[in-house]
Structure formats: structure tokens, C-alpha cells
Amino acid sequence: MSKGNVVIGVLAGVAVGALIGILFAPDKGSETRRKISKKSSDTIDDLKENFDKLLNNASDKLETIKEEAVDLYEKGKRQMS
């Protein structure tokens, strides 16, 4: 399982746990809806941030692999000459 899937799973679990905790809290309905809305917004922001980090990390690794492949190709080409 990749780190990205684990992070997303953990965040989803935290969000569900927080939502259940809010739903069982003894607040007025309007206050509960406000808390759910805020928590949902915060969770979505966290997911977006982590997804962006995951994409940046994957992009960086892909660029490194590409550079290594070009270097390896050039080295092989020089050895063949």
C-alpha cells in the first residue's frame, strides 16, 4: 500500500470519527451543522494539500528517473562509440 493511500485513509478515518463525535455532542442543531460544515471544509483542505504534496513528490521522482535514464543512455552511447 502506498504512503498516499495510507495518508488518505487516515484522514478519512479522522474525518469520520470527528463527524460521529460532533453528531453525538449535545449541541443545538444549528451549532452542530456549523461544526460539520467547518470540519468538512477543513478535511477537504487537508486532503487537497496532501494530494498536491503527493503529486509533487511523484513529479519529482519521475523527473529524477527521467534524468537518470538520459544519463544512462548517454553513457551507453559513449561506450558503444
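Summing +1 for each Lys or Arg and -1 for each Asp or Glu, what net charge is found among the other residues whose Cβ lies under 13 Å from the Cβ of Lys75?
Numbers: positive: Lys77, Arg78; negative: Glu67, Glu68, Asp71, Glu74.
Charge balance near Lys75 sits at -2.
Which whole-number percent of Cα pairs in the chain have a distance greater than 20 Å? Each step should come with its number before you reach the end.
On the way: 1816 of 3240 pairs.
Cα-Cα pairs of the chain separated by over 20 Å account for 56 percent.
Averaged over all directions, how much area does the convex hull of the C-alpha atoms of region 1-41 cover when projected, in nm²? Display every interim value, and only then the final one.
On the way: hull surface 11.3 nm².
The Cα convex hull of region 1-41, projected and averaged over all directions, gives 2.8 nm².
Relative to the longest principal Cα axis of the chain, at what angle does helix 3-23 sit, 0 to 90 degrees, rounded to 10?
Roughly 10 degrees, rounded to the nearest 10.
If one computes the Cα centroid of region 24-42 and of region 5-23, what distance in Å separates the two points?
So the separation of the two Cα centres works out to 15 Å.
Using +1 at the Cβ of each Lys and Arg and -1 at the Cβ of each Asp and Glu in the chain, identify which of Thr64, Leu19, Ile44 lies farthest towards the dipole's positive end.
Of the candidates, Leu19 comes out farthest on the positive side.
Report, to the nearest 10°, how far helix 29-80 tilts away from the longest principal axis of the Cα atoms in the chain, using its own Cα long axis and a range of 0 to 90°.
Approximately 10 degrees, to the nearest ten.
Could you name the lysines in cross-link range of Lys48, using Cα to Cα under 19 Å and dropping any fewer than eight places away on the same chain?
Filter leaves Lys3, Lys38, Lys39.
Readers should treat all values here as calculations from the given coordinates under stated rules, not as data from a laboratory. Every value quoted in this text rests on a predicted model; they were computed, and no experiment measured them. Note: ideal-geometry Cβ built from the backbone for every residue, glycine included; neighbour counts use all protein chains shown.
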